[in-house]
Amino acid sequence: MKTTTLDKLDMNNRAVILDLNCKGDLRRRLLDLGLVNGTNIKAVLKSPMGNPIAYDIRGTTIALRKEDSKLINVYL
């Protein structure tokens, strides 16, 4: 398996969350959204300017800014 960051995930492709490279309030927010190790995530929609990107996670769609998604390591 190849590892990369979530911001590099192509549209309509799936990945598995490996870990988060952040601390504090941002880490807590991402964990509260369900971005925990082993969770499947799929890129579903990119805004016209490319930021933010919507992801399907656990049956819910969430939008993350590119600078936040760069902090999330995933397996492809």
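Data for the structure
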read-out	value
HN-Hα J in Hz across segment 30-42 - Karplus 6.51, -1.76, 1.60, θ = phi - 60°, x for Gly and Pro	5, 5, 5, 6, x, 7, 10, 3, x, 7, 6, 9, 9
Value of Rg to Rh for segment 3-75 (Rh from inverse mean 1/r over Cα pairs, i.e. Kirkwood)	0.92
Segment 3-75: relative contact order as a whole-number percent, Cα under 8 Å and 6+ apart	44 percent
Separation in nanometres of the label points that stand 7 Å from Cα toward Cβ, at MET49 and ARG27	3.0 nm
Proximal aspartates and glutamates relative to LYS42, as straight alpha-carbon distance under 13 Å, when same-chain residues fewer than 8 apart are discounted	ASP7, ASP10, ASP56
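No value in this document is a laboratory result; all are computed from the given coordinates. Keep in mind that this is a model prediction, so the values were computed, not measured. All Cβ positions, glycine included, derive from the backbone under ideal geometry; neighbour counts span all protein chains shown.
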